[in-house]
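Peer 1: Below is the structure I would like to discuss, written out as C-alpha cells.
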Amino acid sequence: MKAPLIALLALLASPLLATEAAAHVVAVPDTAKAGSYSAIAFRVGHACAAGDVTLKVRIEIPEGVASARPQVKPGWTYVLERGTDPKAAPTAITFEGRLPDEAFDDFAILMKLPATGDRLIFPVVQTCEKGESQWTEFASPDALDEKLTRPAPVVTLIPNGAAPAAHQH
C-alpha cells in the first residue's frame, strides 16, 4: 500500500516542481555564437506573486553588446535607456504592458553579441501591481553550480566556429 501512496504523492508534487523550475526569468535560447547577431527572448513565466499582474519587465544589457533592438509586442510599449552617448547601444530596455499571472510571455531583443567572452548576464527587474521580483543574482565564475534564489538570465557564448548546444527552457 505504501508504493501506490508514494506514487500518488509524487504525481501530486510534479506540478509544484514544474512551477518551481519555471519560476525564473530565463533567456531563450541560452547559448549563442560570439560575435553574431542573435535574437534572445527573456521568458517571464509568472507574475511576482500568485494572482498578481506583471506591468514592467526591465532587462539590463551587459557591456560588450554592440546593439540591442527590442521586438515590438502588441499591447506593450518599450523604453530604451542609454548612457551619455545617445548613439550607443541601450544599457537597458523596459517593456510595459499587462501580463496576468496565469500566462507567460517572451520579450525578445535582437543583439550584436561580443566576439569574446564566455557568458553574458542580463539582470531583470519584473514590476507587478503588488510588488517586484529582482532576477539579478549570478554565480561567480568559480562557482557556476551555485544554487541561486533569484538568478539573472545568462547566455553562454559559443566561440565562433563551434556549434551551439540546445539548452532551451
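The values are calculated or read from the model by the stated rules, or taken from the named source; none is laboratory data. Note that this is a predicted model, so its numbers are computed, not measured. Cβ: placed from backbone, ideal geometry, glycine included. Neighbour counts: every protein chain shown.
Peer 1: Considering only the range 105-161, give the strands (runs of 3 or more DSSP E) lying wholly within it that have at least 1 residues that are of a type in the set (Lys, Arg) and more than 24 Å from Ala49 (Cα to Cα). Can you show your working first?
Peer 2: Working: elements: 105-112, 119-121, 124-128, 131-135, 154-158.
Here the list reads 105-112, 119-121.
Peer 1: What do you reckon, is Asp106 more than 26 Å from Ser67 (Cα to Cα) and either of a type in the set (A, V, I, L, M) or touching a residue at least 24 places away in the same chain (Cβ under 8 Å) (or both)? Step through it out loud before you land on a result.
Peer 2: Values: more than 26 Å from Ser67 (Cα to Cα): no; either of a type in the set (A, V, I, L, M) or touching a residue at least 24 places away in the same chain (Cβ under 8 Å) (or both): yes.
Spelling it out, it is not the case that Asp106 is more than 26 Å from Ser67 (Cα to Cα) and either of a type in the set (A, V, I, L, M) or touching a residue at least 24 places away in the same chain (Cβ under 8 Å) (or both).
Peer 1: What number goes with the only condition from (1) closer than 26 Å to Asn160 by Cα; (2) within 14 Å of the chain's Cα centre (by Cα); (3) outside any loop (DSSP other than H, G, I, E, B); (4) not β-branched (Val, Ile, Thr) that Pro62 does not pass?
Peer 2: Unmet for Pro62, out of (1) closer than 26 Å to Asn160 by Cα; (2) within 14 Å of the chain's Cα centre (by Cα); (3) outside any loop (DSSP other than H, G, I, E, B); (4) not β-branched (Val, Ile, Thr): (3).
Peer 1: Kindly check whether there is at least one residue in the range 56-70 that is of a type outside the set (Asp, Glu), out of contact with any Phe, Trp or Tyr (no Cβ under 6 Å at 6 or more places or on another chain) and free of Cβ contacts under 8 Å to residues at least 24 places away in the same chain.
Peer 2: Taking the range 56-70 and keeping what is of a type outside the set (Asp, Glu), we get 56-59, 61-62, 64-70.
Now narrow it down to the ones that are out of contact with any Phe, Trp or Tyr (no Cβ under 6 Å at 6 or more places or on another chain): 56, 58, 61-62, 64-69.
Next cut, free of Cβ contacts under 8 Å to residues at least 24 places away in the same chain only: none.
No; the residues of the range 56-70 include none that is of a type outside the set (Asp, Glu), out of contact with any Phe, Trp or Tyr (no Cβ under 6 Å at 6 or more places or on another chain) and free of Cβ contacts under 8 Å to residues at least 24 places away in the same chain.
Peer 1: Cβ-Cβ below 6 Å, separation at least six or inter-chain, first residue in the range 24-43 and among the polar types (S, T, N, Q), second assigned to a loop (DSSP other than H, G, I, E, B): which pairs?
Peer 2: Filtered contacts from the range 24-43: Thr31/Pro164; Thr31/Ala165; Thr31/His167; Ser36/Leu113; Ser38/Leu113.
Peer 1: Going through the range 74-121 one residue at a time, which ones are of a type in the set (Val, Ile, Thr) and either modelled with pLDDT of 95 or more or under 16 Å from the mean Cα position of the chain (by Cα) (or both)? Lay out the reasoning, then the answer.
Peer 2: Of the range 74-121, the ones of a type in the set (Val, Ile, Thr) are 77, 79, 84, 91, 93-94, 109, 116, 121.
Selection gives Thr77, Val79, Thr91, Ile93, Thr94, Ile109, Ile121.
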